[in-house]
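First the structure, in the form of structure tokens, and then the observations on it.
The values are calculated or read from the model by the stated rules, or taken from the named source; none is laboratory data. These numbers come from a predicted model, not from an experiment. FYI the Cβ positions are ideal-geometry reconstructions off the backbone, even for glycines, and counts take in every protein chain you see. To get the accessible areas, we keep the full protein, side chains included, count just its heavy atoms, and leave off ligands, DNA and RNA. Shrake-Rupley method; radii C 1.70, N 1.55, O 1.52, S 1.80 Å.
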Amino acid sequence: MAKIKDVRALEVLDSRGLPTVAAEVLLDDGAIGSAAVPSGASTGEHEAVELRDGDKARFAGKGVLKAVSHVEGELKKLALGRDALKQQDLDSAMIAADGTPSKGRLGANAILAVSLANSRAAAASVKKPLYEYLRDCYGIVSSEWLLPAPMFNVINGGKHADSGLDIQEFMLVPTGAASYREALRAGAEIYQALKKTLAGMKMTVAVGDEGGFAPQLKDHAQALDVLSKTIASAGYSSAVRVSIDAASSEFYKDGAYVFEKKPRSAAEMTKIYGDWIKRYSLLSLEDPLAEDDWAGWKSLTAELGSSVPIIGDDIFVTNPQRLARGIKEGAGNAILIKLNQIGTLTETVETVRQAQKAGYRCVISHRSGETEDPYIAYLAVALNAGAIKTGAPCRSERLAKYNHLLYIEAALGAKARYAGPAAFALPAHAGRS
Ligand code: PGA
Ligand code: ZN
């Protein structure tokens, strides 16, 4: 038993220069763990609440001093003297203390910071790498250590850039690489080649929030054409595929998808995605339709779900109830996982296991507002998630995760196996209609 001796918090800044919560948990055996929480921009309606001060005199209302004071007040009081190795108990106690379904009273940012920092302190206390400790903590038994396939967001649109593109993310996924290390190399080489291609087209090579380029292209098909050509010219045609995250809730207005300046129905969007899947051999499709368009999701999954994984982000928000509805109704057939959408480590792990049990693939994800904390790299390996999405191979808050996966791969040595294309295999019932 390692008792929690102190809990501290600070308001720090994320990659957009906006405030976020960092916490530190200290144990009586001298072990320390810290963590910083990320923050989204295309935030789902149904996410747990990110508590912000609303005091316009500081950071235009975006300060997090209230959340920090909750960590150092109520959450610290509840944590002191507890066994840090009992992560589930700590998380349940924090959920109960908050008392709201969306963690709106104490703030999911406050709760998650403590939850993650505690797990790190516990891992330090038992002197195990975090990926190994997390398996012990949640009783995950597996002889496999899967290094996730990285999804590199190299062209940014939507709320993450002023490129004029409605689709938020165009990603490169090196499924055919022999190892994680080689996958990272492929992503980085194509990223550099893309920079040259765009410069040659007289486009800007300034980057968006996740490190991807933000060129003012003619339309979305041109983005996909440029990517396909660049992958081929860099010599990776057979090894690297393209995925998109439409983040379509952001362009869903008054019952229609305002895409390329015209209002369109879910069926019309489905046809556009279907054409892209064929023409560009897309690997996966995330948030093709809006977060509450369940009927649209069902029809789209029936139509396209036997071709590619249909990944739910804003529709599921890492929430077990919303995921259960999706599984039951055949809306989507894979899930994006973000710790701060639900607000504790334990709930996140439970959602992943629920998804895996249903045969759904999981993509562990960063947020557009990130910090230097590489936590999700360790989580992805602990859970054999198979895929990770953490931006372009550019900007250190993104590379912190990608580089830590290199350290993990090296530490695991011959035990490490690259997830490859299996990370995007479809569940047995995919596309049922
Ligand atoms: P967000 O974007 O962090 O701004 O929500 C990431 C995503 O939509 O996957
Ligand atoms: Zn998304």
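How many of the residues making up segment 202-224 are under 23 Å from I272 (Cα atoms), without any contact (Cβ under 8 Å) to a residue 24 or more places away in the chain and open to solvent by 50 Å² or more (accessible area, probe 1.4 Å)?
Selection size over segment 202-224: 1.
Among (1) outside any loop (DSSP other than H, G, I, E, B); (2) within 16 Å of ligand 1 (Cβ to nearest atom), where does S228 come up short?
Only one criterion is unmet by S228, namely (2).
Restricting the search to segment 173-188, which residues are away from ligand 2 (no atom under 16 Å from the Cβ) and not in a loop (DSSP other than H, G, I, E, B)?
The first filter runs over segment 173-188 and keeps only residues away from ligand 2 (no atom under 16 Å from the Cβ), leaving 174-188.
Y180, R181, E182, A183, L184, R185, A186, G187, A188 - these are the residues of segment 173-188 that are away from ligand 2 (no atom under 16 Å from the Cβ) and not in a loop (DSSP other than H, G, I, E, B).
Within segment 306-337, which residues are within 16 Å of ligand 1 (Cβ to nearest atom) and open to solvent by 10 Å² or more (accessible area, probe 1.4 Å)?
Result: N319, R322.
Look at segment 353-379 and say how many of its residues are more than 16 Å from ligand 2 (Cβ to nearest atom) and either in contact with a Gly (Cβ under 8 Å, 6 or more places away or on another chain) or charged (D, E, K, R) (or both).
Of the residues in that region, 4 qualify.
Conditions first: (1) under 30 Å from L323 (Cα atoms); (2) touching an Asp or Glu at 6+ places or on another chain (Cβ under 9 Å); (3) not basic (K, R). V71 passes all but one, so which condition is the exception?
(2)
Residues S243, S265: which one is more than 16 Å from ligand 2 (Cβ to nearest atom) and polar (S, T, N, Q)?
Answer to the check: S265.
Return the total of residues in segment 233-256 being away from ligand 1 (no atom under 16 Å from the Cβ), free of Cβ contacts under 8 Å to residues at least 60 places away in the same chain and open to solvent by 50 Å² or more (accessible area, probe 1.4 Å).
Result for segment 233-256: 6.
One line per residue, one yes/no per condition, for (1) open to solvent by 30 Å² or more (accessible area, probe 1.4 Å); (2) on the phi < 0 side of the Ramachandran plot; (3) of a type in the set (D, E, K, R); (4) in a loop (DSSP other than H, G, I, E, B):
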{"site": "R8", "(1), (2), (3), (4)": "yes, yes, yes, no"}
{"site": "A23", "(1), (2), (3), (4)": "no, yes, no, no"}
{"site": "S42", "(1), (2), (3), (4)": "no, yes, no, yes"}
{"site": "E47", "(1), (2), (3), (4)": "no, yes, yes, yes"}
{"site": "E50", "(1), (2), (3), (4)": "yes, yes, yes, yes"}
{"site": "K56", "(1), (2), (3), (4)": "yes, yes, yes, yes"}
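For segment 308-346, give me each residue that is assigned to a loop (DSSP other than H, G, I, E, B), of a type in the set (V, I, T) and either away from ligand 2 (no atom under 11 Å from the Cβ) or outside the structural domain of R367 (by TED's automatic domain parsing) (or both). Spell out how you get there, then give the answer.
Step one: filter segment 308-346 for residues assigned to a loop (DSSP other than H, G, I, E, B), giving 308-309, 313-319, 330-333, 338, 343-344.
From the residues that got through so far, the ones that are of a type in the set (V, I, T) too are 308, 315, 317-318, 344.
Once the filter is applied, which keeps residues that are assigned to a loop (DSSP other than H, G, I, E, B), of a type in the set (V, I, T) and either away from ligand 2 (no atom under 11 Å from the Cβ) or outside the structural domain of R367 (by TED's automatic domain parsing) (or both), segment 308-346 yields V308, T318, T344.
Among the candidates K202, K218, which residue alone is on the phi > 0 side of the Ramachandran plot, among the basic types (K, R) and not in a helix (DSSP H, G or I)?
Testing whether each residue is on the phi > 0 side of the Ramachandran plot, among the basic types (K, R) and not in a helix (DSSP H, G or I) leaves just K202.
What is the residue count in segment 125-164 for residues that are of a type in the set (A, V, I, L, M, F, W, C), buried (at least 17 other Cβ atoms within 10 Å of the Cβ) and part of a loop (DSSP other than H, G, I, E, B)?
1
Going by what's in this entry, would M94 be described as among the hydrophobic types (A, V, I, L, M, F, W, C), away from ligand 1 (no atom under 16 Å from the Cβ) and assigned to a loop (DSSP other than H, G, I, E, B)?
In short, no.
Quick one: would you say K76 is in a loop (DSSP other than H, G, I, E, B), touching a residue at least 40 places away in the same chain (Cβ under 8 Å) and of a type in the set (K, R)? Please lay out each step first, then the result.
On the way: in a loop (DSSP other than H, G, I, E, B): no; touching a residue at least 40 places away in the same chain (Cβ under 8 Å): yes; of a type in the set (K, R): yes.
When the stated conditions are applied, K76 does not pass them.
State which residue pairs qualify: first residue farther than 13 Å from V64 by Cβ and open to solvent by less than 10 Å² (accessible area, probe 1.4 Å) and inside segment 102-113, second residue among the small types (G, A, S) and at pLDDT below 95 in any location, beta carbons under 9 Å apart, and separation of 6 or more residues or different chains.
Within 9 Å, no pair qualifies.
If only one of E350, E303, E291 is within 21 Å of E47 (Cβ to Cβ), assigned to a helix (DSSP H, G or I) and either in contact with a Gly (Cβ under 6 Å, 6 or more places away or on another chain) or open to solvent by 10 Å² or more (accessible area, probe 1.4 Å) (or both), which one is it?
Only one candidate qualifies: E350.
Give segment 294-352 a look and list any residue that's without any contact (Cβ under 8 Å) to a residue 12 or more places away in the chain and in contact with a strand residue (DSSP E or B) (Cβ under 7 Å, 6 or more places away or on another chain), or say none.
none
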